[in-house]
Structure formats: C-alpha cells, structure tokens
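Shown next, in structure tokens, is the structure this report addresses.
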Amino acid sequence: MTFWTYRRRDNLVGYLFVAPALLGSLVFVLVPLAMVGWYSLNEWNVLGGTFEFIGAENYRRLLEDEKLRESLVATAWFAAGLVVLNLSLALLLAVLLNQKLRGTTLFRTLFFSPVLVSLVAWTLVWQLMLQPEGSVNGLLGFFGVDGPNWLRGDTTAMVSVVVVQVVKNVGLNMVLFLAALQGVPAPLYEAAKIDGAGAWTLFTRITIPLISPTILLTSIITIVGSLQVFAQIAVLTQGGPGTSTTVLIYYLYQQAFQFHHFGYGATISVLLFVIVAALTLLQWRMRRKWVLHES
Amino acid sequence: MSRDGSKRKIWLYGLLCVLCVPFVFPTWWMVTSSMKPIGEIFSESLLPSEWTFSTYETVFRMQPFGQQYWNSLYIAVVVTAGTMAVAAMAGYAFARIRFPGQNALFVVVLTGLLIPSEVTIVPLFRMFQSLGLTNTHWPLVIVPVFGAPCVLAIFIMRQFFLALPAELEEAARMDGLGRAGIFWQVALPLARPALGAVAIFTFLHSWNLYLEPIVYLSTPDMFTLPQALTQFVDIYGGPMWNVQLAAATMTAVPILVVFVVAQRQFIEGLAHTGVKG
C-alpha cells in the first residue's frame, strides 16, 4: 500500500474544499467580530486621532443613550410593521394566485417584479411618488382625500418606509407561500367539505396549520432581514424626521461613519450582533421542534 | 353554479388588478416620467405630453455612468461566480466527504449566519484601510465571496448534496474517478438547480449593495449603480428628479427584461432556496 490511500486522499480533498470558506470565515467574520468586541472597549475618535481604553464606558453610554432607546423603538416598530404587513399580504396574494384562474402566471410575474428592480431605483421612485404633490396623494385626491406630506411626519414616515419595503419584497414570501399551499394535499379539503366546512374554516383549520412551518420560516427571515434594511432609510428619510425612522443599523452608520465614533459604533455593532444571533438561534430551535411538519 | 362561478371569477380578477397597482405603477411611472419634460414630473398624466430623451444624455454627461454600470455588473458577476465556486466546494465537502474535525469546522463556518456583514463593517473598514484598499472594489468582492454572505449559499449547497443518492458516487468510484472527479463530473452537474438559486440571490444581493459601497468608495469613477443613482443633484444640491429617473430606468429595465424571459427558472429557483434554506 502506498501512503496515499483513498481515505487519506479523501481527507485532503475535504480540507482543500472547505479551506476557502473556512479561511474566509476566520478572516472576514470571526476576527472582525473579536475586533468589534475590542473596539467597543475603547474610546476611538477617528478625526481626533484618539484611541484609549475605557473599559465598559461605551456600554454605560449605551444604556443612557436616549437616541439609542428611540432607535430601538423605531427598529421594533419597523420590524413588527414589516412582518405583519409582509406576511399577511404575501399569504393573501398566494391564496389568490392558488385559485384555479387563467392568467395567474401573469399576476405572479407582476407581483414578483419589484424584487428585481434595483433597490435604490425602487426607493427613489417611491420618494418622488410620496412627495406632497406626488402620485400617491394624487390618487388619494381622486377619492377626495387630502394626503399628508408622507416623509415629513413621524408616523407617516414610518408607514412609508414599511410599505415601500413590503411592496418591494413581498413577492419572495408570496412565492414561498405559494409553494407551501401547493403542497397541501387536496383530499384533506375534499374530506372537510363533505363534513360541511366553509371556506374560512378550511383556511384556518387546514391551510394555516399545514403551512405553519413556512409561516415561521418566513417570519424569522423577514425579521432578521428588517434589521439589515439600510438603503431604503438612507434614501427615503435619513432616519428622520427626528429619530422616528432611525433603525439600529442606520444609527450605527451615523455614529461610526458620519460622527466618526468608531468605538461607540462598535458597541452598537455588538448590540446588533446579539439581537441577530438571538433571533437566528431561536429560529433554529423552533425549526427543530417543527421539523416533523417539514416532511 | 356556473353563474356563481363566473361572478366569483370577476371578483377575483378585480381584486388582483387592484392589488397590482402598487407593484406595477412605480415601474411604469419611472419609465414614462424619465421621458417627460421636467415640468410634468408631478402631473397626473400617465404618459408624457412630448417624449424627450435629453435626460438620458444628461445622465452620461453628469457622471461616468457607463463606467459605473460596468463596475456594478462586473462586481456582481465576479461575486456570483466566486460564491458559486466556494459554496459548491464547501457544501460538497461538508455533505459527502468524511474527514476528521468536519463538524467543528462546519460550526465555525455557520457562525457567519449569526454575524451579518453589517455588524463587522467597522473593523472590516479599518482592515481594508490599513491595506490601502479603500476606494477599490476589493472589499466589495472578497467579503461577499469568502465572508458572511457566502455562508447561506454553503448551507443551501450542503442541503442539496446531502440529498444526493450515494449509489451515484459509488458507481463513479468503480469507474476509477477520484474525489475531485466525482465532484466535478457527477455531483456538480446534478446540482444545477441549487446552483441556479444561489446564483440568483447572490447576484441580486451584490447588485443592490449600498452600505458597503458608500463606506468604501469615494470617487465617482469607482461608484456602483445604487450609489451613483443618488448623486444626480443640481448645483444647489437639489435632486434632479427626471435625470435620477432616467438613470433608475436604465438600472432596472435590463434585469426586468431578463426576468420576464426567464421567469419560471427565477421564481422556482428562489422557491427552492427558501424551502431548503
């Protein structure tokens, strides 16, 4: 036998194949994460050129930062609004497209198309349509409603960024729901119909439970995704008016790259990491619990 | 029964058409308004009173838009190809090859799912700055290919390769193929649907990237499209809306056309991603 047995060669190929991903994870994920932790313990102003160890000072500042609290509230509203509107609309569209109708492929294409429009292009178009004299208010005026200046009011600005984001991406969840709906066995419906169940009962008692793994999956993907929404905020509202749409990642960007507080920015990064990691781990746990449903 | 049925159909079509408005109108409005004279941007008319293409010339006069288009396109293509290669190899090795330390290494790679690249933007910026690589495209290419954004792709590829029947590989081994040969000639061709899904979402992710370009890039000839779109302002800093719309149209329409032509593969590819990922 030579030294290079099949087993040994196999091991070598295995290591070689995972090497790029593994090195990448070390250099671009784990080492930077450790650096974020280290930076967060320092006062570091890039413009002033100061770098000074201050222990947990940044974390105390985090707890006392009124703006951060407002930013967390905005983040929570944004995530909640996004998930509720996105999932209910995605489910409605999927149910409509799952009817035996001619032309559903066309509608599916239309509902999906914003996913493919470049994000900033989409946001710019909506920015124009949401101006006081823009198309949205033009349409409202057609029904006799005097529309607000959408991007300048606290609540309306938040509603606007949520709606713009939902219309852009709801097509993705719609497609996932559609695939799930098509996986529900038709005989179940037949049997329930014979028992005299109405359409609503069929929907709540059969459809919803059977597609619940997809609902869970999409809701977590959507929440975690909402924490990474940056371009839409930067283009539409720059976090304003006031801090009403300053979601966490936008606040991070402001602190680190506009005010040049790298140390404090890193502290906010740590907070963002904790939230994302907690939600993702929660998803894994719940999926394991639900795995029986996932055939 | 049939009258009831057709009434229901009319209701459904009506509902679908109304729901379509916010999805279709913005794109329609973007394309038509980019050809309206500036005074008509806020008019209610669905079509321009006279068609003008001068905004399109202005786009290229104000910025190196062709160069920026090329930047976005080549970065997205390189990132997509790189991600497919890295993810296919790692996904295959984690799924089909047994080697010591495999599970521990997989966990190390998976941590990328917990750490989105936004979290590490500060140290990554410092890293590339100290290497003199800010205002180059390197950070926009190597971080997505090797860093956190690639991990989901690895996960999807692994899930796919796990489901591959072992008999296929055994047969190939009988025929004298080595591991690399099995991967290249047997496994990879079968993985086309998963690779397609990975390619689609990687391309879109790179094409839409905004935070990283505005952090790393500083001169217009290096800009990518999303960043360039926001730079069309007049000498007072006010946005030149019709020029923005012309640029936005040129950014969006080619992708939309490709989508409409290949929409079945697109949508089913992505549905596949979601179910597995």
Between residue A:281 and residue A:238, what length in nm is gained on full extension when 0.36 nm per residue of separation is reduced by their alpha carbon distance?
12.4 nm
For all pairs of alpha-carbon atoms in the range A:62-135, what percent lies in each bin of width 5 Å, listed from the first bin to the last filled one?
3, 12, 11, 14, 18, 16, 11, 6, 4, 2, 1, 0
Return the Cα extents of the range A:1-68 along principal axes one, two and three, sorted largest first, each rounded to a whole Å.
69, 25, 18
Would you mind checking the range B:154-175 for residues with the amide N under 17 Å from a putative spin-label position 7 Å along Cα→C-beta of residue B:184?
B:172-173, B:175
When you look at the Cβ of every residue in A:234-245, what mean number of other chain Cβ atoms sits within 10 Å?
1
Residue A:19 and residue A:149 label points (each 7 Å along its Cα→Cβ direction) are spaced in nm at 6.1
Average partner chain C-beta neighbours within 10 Å, per residue of B:85-91?
4
Hey, for a label at residue B:173 modelled as a point 7 Å past Cα toward Cβ, could you say which residues of the range A:8-36 have their backbone N under 17 Å away?
A:8-15
Radius of gyration and Dmax for the protein assembly as shown's Cα atoms, expressed in Å?
25.3, 88
Return the FRET efficiency for the residue pair residue A:52, residue B:98: r is the Cβ-Cβ distance, R0 is 51 Å, and the value is rounded to the nearest 0.05.
0.55
Within 10 Å of the Cβ of an average residue in B:25-31, the count of other chain Cβ atoms is 6
Relative to the present Cα-Cα distance, how much length would full extension add between residue A:203 and residue A:139 at 0.36 nm per residue of separation?
19.7 nm
According to a simple spin-label model (label point 7 Å from Cα along Cα-to-Cβ), what is the distance in nm between residue B:260 and residue B:234?
3.4
At a Förster distance of 22 Å, what's the computed FRET efficiency of residue B:47 paired with residue B:17, Cβ-Cβ distance as r, to 0.05?
0.65
Virtual spin-label span in nm between residue A:100 and residue B:8, 7 Å along Cα→Cβ:
1.0
The answer for the per residue Cα convex hull volume of the range B:127-207, in Å³, is 110
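Every number here is computed from the coordinates shown, using simple stated rules; none is lab data. These figures come from a predicted structure and were not determined experimentally. All Cβ positions, glycine included, derive from the backbone under ideal geometry; neighbour counts span all protein chains shown.
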